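Undergrad: Pasting a structure below so you can have a look.
The values are calculated or read from the model by the stated rules, or taken from the named source; none is laboratory data. Everything numeric in this text was worked out from a predicted model, so none of it was measured. Using ideal geometry, Cβ is built from the backbone for each residue, glycine included, and neighbour counts are taken over all protein chains shown.
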Amino acid sequence: MKHRRLALVLLLTILLIVNLPEHSKCNELIKDTQPPNPTFYYCDCCGLVMNAFVEDMPSDNTRSGLAKIQLNTDSSFNFSFSYKGNLPTGIKLPWYAQVTDLTKDAKLVVTFGDVAGNDTTITLIYIPYKIVVRPSLDFGLHAKGDTVYKDTWIVNKTITNFTSPYKLDSVRLKFRDQCFDILDYSPPAVISTKDSIKIKIRFIDTMDGEFLDSIGEGNECDFGFKAQVKAKVGMPLIDVSDYDFGDVPVNQIAQGTIHIKNQGSVPLIITNFTHPNLTVFADELRAINPQNPLILNPGQYYDFSVDFIPTDTLHYTDTMFFMSNSAITPATDSIAILNGRGISSELIANSYDWGQKIINIPPDFPAGPYDALEPIIVIRNNGTQSVTIRGIKRVADTNGTAFLFSEPALTNVIIIPGDSLYVPVQFQPTVLGLNKLVLGYDNTAESSTQTVLQGIGIIPDDVKDNYNHNEKFTISPNPASSAFTLKFESANNAKMQVTLFDLLGNTVFSASEESNIGINEKVIDCRGLETGYYIVRIMLNGVVEMKAVLLITN
């Protein structure tokens with residue numbers, strides 16, 4: 001009987017064990033020894049963790065459940081981190097992480113633990129790619145029509161063992177309308193650490209002006225403009241002086257000098273020229289041809305002599321024409337005009353040409369007066385009798401007030417045989433263009449000798465420099481014909497005053513209107529104005545800015 005009761009107790013114990021819940025059996029019989037398993041996708045170029053979850057392991061009823069998700073703040077930096085859910089509970093939770101500042105290094109250290117004390121620690125490192133485009137390119141100054149090439153490099157300057165080679169997906173220009181092109185590159189390309197690839201940039205000079213653009217590069221995560229390209233296109237401008245020999249006795253020789261100057265901003269290349277047709281003129285210019293051109297850098301002069309030997313009592317006129325790469329504008333002159341008169345008179349007067357001189361614009365830009373480089377006016381008596389000059393006659397007068405001399409010194413004065421009368425003259429132009437005064441002399445010898453005084457008035461360089469320094473105030477086109485556009489930047493909404501005046505200070509246009517914050521544009525109608533330089537003055541926010549504009553209205 002006693003043995004039967006013992007057997008019944010053992011049977012009931014076995015039945016109780018068999019019928020225990022499965023989880024309780026595992027807890028009693030199998031211990032949780034596997035740590036949580038975090039899964040995620042990490043974009044190492046954009047610093048973003050995606051599709052991130054953590055699940056307690058093993059994936060059956062023996063797992064003890066998540067108990068800890070902890071950011072190691074001592075080791076982590078420049079990462080934002082969070083998770084969704086409550087602890088200790090759950091077997092699978094989402095979590096989130098992202099680099100805060102993509103321009104700086106970052107590190108993330110997170111520990112995931114379960115109730116049984118198992119844990120997993122992950123470490124993510126972010127090191128931004130350091131990609132540069134070097135060097136920036138300055139193509140310099142070129143003539144219209146040139147094609148120029150330069151190379152730059154895209155360099156991977158990243159110094160680390162944690163990042164993979166840089167995958168370059170895109171290279172392009174920012175504006176794409178500045179006459180630059182990118183050649184010899186087809187994305188994508190892979191650039192290892194401390195390595196580089198070469199990019200060739202082409203500049204085609206199709207128009208005058210300044211050109212500016214930026215080179216940008218990027219991968220699937222980022223794109224930026226990292227280097228500048230710039231160029232200037234100028235033009236050569238030829239300016240050939242004229243020469244008036246004045247009165248020269250028949251069969252005597254007089255010598256004059258012709259000046260050739262490059263008034264432009266790029267080299268002037270003269271490839272040919274024509275000699276005077278008349279035998280009374282003889283030039284001493286060296287041979288010039290396409291194989292042996294005459295090249296003048298910006299601002300450079302070249303002088304040569306011309307002889308005049310009149311064979312009769314006539315007025316002689318001839319020309320010399322120069323072929324070059326010069327642009328054709330109102331400022332260019334490719335022809336040297338030669339003038340001289342043969343006389344047999346006893347009384348002979350000389351002439352003088354001052355060439356180009358800066359005009360006088362008081363009080364801001366005073367200039368002159370300019371002395372002659374040789375004595376002028378000189379009247380010589382080659383006869384055997386004294387000659388009385390009763391006075392002067394203005395035979396021709398174009399802005400003749402630019403020539404300063406004493407008229408009384410040429411009135412009722414006697415010149416004895418073999419002697420000369422010297423009356424100094426100064427030149428002070430106040431207008432652009434030709435200034436010319438032809439003087440005849442009322443004299444007892446009834447000589448028809450004349451003095452020709454002439455010079456060209458030009459705009460001061462100081463005006464161009466002072467009036468063109470603000471890049472936030474531009475004029476286009478310049479030169480202009482029927483109209484031009486002012487573009488200027490304003491820091492606030494304010495009244496703006498625009499005035500256009502000629503170089504004599506006469507106001508030819510004035511307008512007042514409201515300007516807006518940022519870039520403003522205004523079109524100025526210049527129809528009806530004569531060809532020449534004008535000054536544009538803009539007054540905005542109490543500040544006055546000025547620029548010069550050339551109008552070609554013919």
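Undergrad: Of all residues in segment 128-142, which are small (Gly, Ala, Ser) and in a loop (DSSP other than H, G, I, E, B)?
TA: Ser136
Undergrad: Only residues that are over 18 Å from Gln450 (Cβ atoms) and either part of a strand (DSSP E or B) or in contact (Cβ under 8 Å) with a residue 40 or more places away in the chain (or both): list them for segment 369-383, please.
TA: Pro369, Tyr370, Asp371
Undergrad: Among the residues in segment 504-524, are any surrounded by 17 or more Cβ atoms within 10 Å (Cβ to Cβ), assigned to a loop (DSSP other than H, G, I, E, B) and among the aliphatic types (A, V, I, L, M)?
TA: Within segment 504-524 (the criterion being surrounded by 17 or more Cβ atoms within 10 Å (Cβ to Cβ), assigned to a loop (DSSP other than H, G, I, E, B) and among the aliphatic types (A, V, I, L, M)), the answer is no, since none of the residues qualifies.
Undergrad: Please go through segment 56-67 and give me each residue that is within 13 Å of Pro35 (Cβ to Cβ) and surrounded by 17 or more Cβ atoms within 10 Å (Cβ to Cβ), ordered by number.
TA: Across segment 56-67, the qualifying residues are Asp56, Met57, Arg63, Ser64, Leu66, Ala67.
Undergrad: Oh, and also: Within segment 387-408, track down each residue that is in contact with a Ser or Thr (Cβ under 9 Å, 6 or more places away or on another chain) and either farther than 19 Å from Leu347 by Cα or of a type in the set (Ser, Thr, Tyr) (or both).
TA: Across segment 387-408, the qualifying residues are Thr388, Asn399, Thr401, Ala402.
Undergrad: Can you report the number of residues in segment 166-215 which are closer than 27 Å to Thr329 by Cβ, without any contact (Cβ under 8 Å) to a residue 40 or more places away in the chain and aliphatic (A, V, I, L, M)?
TA: The number of residues fulfilling the criteria is 1.
Undergrad: I need the full set of residues from segment 538-554 which are of a type outside the set (Val, Ile, Thr), in contact (Cβ under 8 Å) with a residue 40 or more places away in the chain and more than 18 Å from Ile359 (Cβ to Cβ), in order please.
TA: Listed by number, the residues that qualify are Met539, Leu540, Asn541, Glu545.
Undergrad: I've got another one for you. Can you tell me which condition Phe403 does not meet? The list is (1) in contact with a helix residue (DSSP H, G or I) (Cβ under 9 Å, 6 or more places away or on another chain); (2) at pLDDT 95 or above, and all the others hold.
TA: (1)
Undergrad: Only one residue in Pro310, Pro298 is assigned to a loop (DSSP other than H, G, I, E, B) and within 38 Å of the chain's Cα centre (by Cα), so which one is that?
TA: Step by step, each of Pro310, Pro298 is checked, and only Pro298 is assigned to a loop (DSSP other than H, G, I, E, B) and within 38 Å of the chain's Cα centre (by Cα).
Undergrad: I need every pair where a residue in segment 91-118 that is outside the structural domain of Phe79 (by TED's automatic domain parsing) has its Cβ under 9 Å from the Cβ of a residue that is assigned to a loop (DSSP other than H, G, I, E, B), sequence separation at least 6 or different chains.
TA: That search, which allows pairs on different chains as well, returns nothing.
Undergrad: Assess whether Asn435 counts as being within 26 Å of Leu338 (Cα to Cα), touching a Pro at 6+ places or on another chain (Cβ under 8 Å) and polar (S, T, N, Q).
TA: Yes, satisfied.
Undergrad: Mind listing whichever residues of segment 525-554 are touching a strand residue (DSSP E or B) at 6+ places or on another chain (Cβ under 8 Å), more than 19 Å from Val431 (Cα to Cα) and either modelled with pLDDT under 80 or surrounded by 10 or more Cβ atoms within 10 Å (Cβ to Cβ) (or both)?
TA: Of everything in segment 525-554, those that are touching a strand residue (DSSP E or B) at 6+ places or on another chain (Cβ under 8 Å), more than 19 Å from Val431 (Cα to Cα) and either modelled with pLDDT under 80 or surrounded by 10 or more Cβ atoms within 10 Å (Cβ to Cβ) (or both) turn out to be Asp525, Cys526, Arg537, Ile538, Met539, Leu540, Asn541, Val544, Glu545, Met546.
Undergrad: Contact list please: Cβ distance under 6 Å, first residue in segment 417-429 and more than 27 Å from Ile361 (Cα to Cα), second residue crowded, with 19+ Cβ neighbours inside 10 Å and of a type in the set (A, V, I, L, M, F, W, C), pairs at least six apart or on different chains.
TA: Cβ pairs passing all conditions: Leu421/Ile379; Leu421/Ile415.
Undergrad: Say whether the condition of being within 25 Å of Asp222 (Cα to Cα), aromatic (Phe, Trp, Tyr) and either more than 50 Å from the chain's Cα centre (by Cα) or surrounded by fewer than 17 Cβ atoms within 10 Å (Cβ to Cβ) (or both) is met by at least one residue in segment 96-109.
TA: yes
Undergrad: For segment 349-368, which positions are outside any loop (DSSP other than H, G, I, E, B) and aliphatic (A, V, I, L, M)?
TA: Answer for segment 349-368, where residues must be outside any loop (DSSP other than H, G, I, E, B) and aliphatic (A, V, I, L, M): Ala349, Ile358, Ile361.
Undergrad: Follow-up. Any idea how many residues of segment 414-445 are of a type in the set (Ser, Thr, Tyr) and closer than 24 Å to Glu530 by Cβ?
TA: Total satisfying the criteria: 1.
Undergrad: Kindly indicate the residue of segment 433-470 that is among the hydrophobic types (A, V, I, L, M, F, W, C) and in a loop (DSSP other than H, G, I, E, B) and also modelled with the lowest pLDDT among those meeting that condition.
TA: Ile459
Undergrad: Are any residues in segment 166-219 polar (S, T, N, Q) and in contact with a Pro (Cβ under 9 Å, 6 or more places away or on another chain), and if so, which ones?
TA: Answer for segment 166-219, where residues must be polar (S, T, N, Q) and in contact with a Pro (Cβ under 9 Å, 6 or more places away or on another chain): Ser170, Ser192, Thr193, Asn219.
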